[in-house]
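Values quoted throughout were computed directly from the atomic coordinates according to the rules given, and no laboratory measurement underlies them. None of these values were measured; they are calculated from a predicted model. Every residue, glycine among them, receives a Cβ derived from its backbone with ideal geometry; neighbour counts consider all protein chains shown.
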Amino acid sequence: MAVKSKIKGIDNRKLILDTANTLFKKQGAQKTSLSDIAKKAGISKGTLYYYYTTKRELIYDIARDHMETITRALIRWLKDMSSEIEPMEILAHVYRTVVNASQRSKLHLYLIEEAISGDKELMKRFRASYTKWNNLLSDGFARILPKNKKDDIPALAALALTSITGSLIQHQLGNKQLPYSDMARVLLK
């Protein structure tokens with residue numbers, strides 16, 4: 001969906017997305033109507049429909065924004081590889097950044113459920129993002145692993161990505177004290 005211009009100096013698209021995020025986390029996306037979002041945002045239904053004619057379009061934009069946030073965290077990880085920080089701590093930081101964005105992680109899991117439940121467009125978006133994230137992790141590992149470990153990079157990237165997703169689930173189930181530094185150390189052995 002093309003981003004519409006701002007109305008009266010207010011970024012209505014951001015207001016709608018923030019409000020929808022809040023309501024989706026509070027009462028679930030299925031129980032949240034576009035009318036609920038408009039009312040909570042303090043805008044008319046017409047203004048909301050100007051940006052989003054369906055809840056599905058809104059969910060796709062939220063998914064895109066969420067996936068871009070994770071991508072930025074992974075790119076920061078890649079950039080930090082040249083710093084004096086230990087590789088294990090950098091990877092642990094990636095875990096913390098992604099998982100501790102708890103508002104987003106609950107929505108991420110909801111969106112995964114929607115994709116798995118048959119939303120083919122959302123599934124396509126997740127596959128593209130996970131492929132991109134896997135490639136970013138592979139690039140990062142290629143920069144920090146010794147030559148004799150290069151053959152392990154595809155499996156290591158897949159394992160790291162899978163464990164990040166698993167950590168999101170654990171975090172939402174209430175396990176807020178995962179040993180990210182130890183997890184990173186074991187992965188990078």
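What to note about this one:
- Dipole in debye (nearest 20) - the chain, about Cα centre, beta carbon charges: Lys, Arg +1; Asp, Glu -1: 580 debye
- In units of the compact-protein estimate 2.2 N^0.38 Å, segment 8-53 shows a Cα radius of gyration of 1.05.
- The chymotrypsin sites (Phe, Trp or Tyr not before Pro) found in segment 36-76 include none that occupy coil by DSSP while having at most 10 further C-beta atoms within 10 Å.
- Relative to the longest principal axis of the Cα atoms of the chain, helix 12-27 runs at roughly 80 degrees.
- Of interest is the spacing of the C-alpha centroids, which for segment 123-189 and segment 10-28 amounts to 29 Å.
- Lys/Arg +1, Asp/Glu -1 at C-beta; the chain dipole; positive extreme among Thr165, Leu91, Gly42: Gly42
- Only helices enter this figure: runs of n ≥ 4 DSSP H residues, each worth -39500 (n - 2.57), summed and divided by the residues of the chain, yield -24000 deg cm²/dmol at 222 nm to the nearest 500.
- Degrees, to the nearest 10: 55-80 long Cα axis against longest axis of the chain: 30 degrees
- Angle in degrees between helix 120-144 and the longest Cα principal axis of the chain, rounded to the nearest 10: 30 degrees
- Of the residues Pro179, Pro146, Pro87, the one that moves most in a GNM of the chain with alpha-carbon contacts below 10 Å is Pro146.
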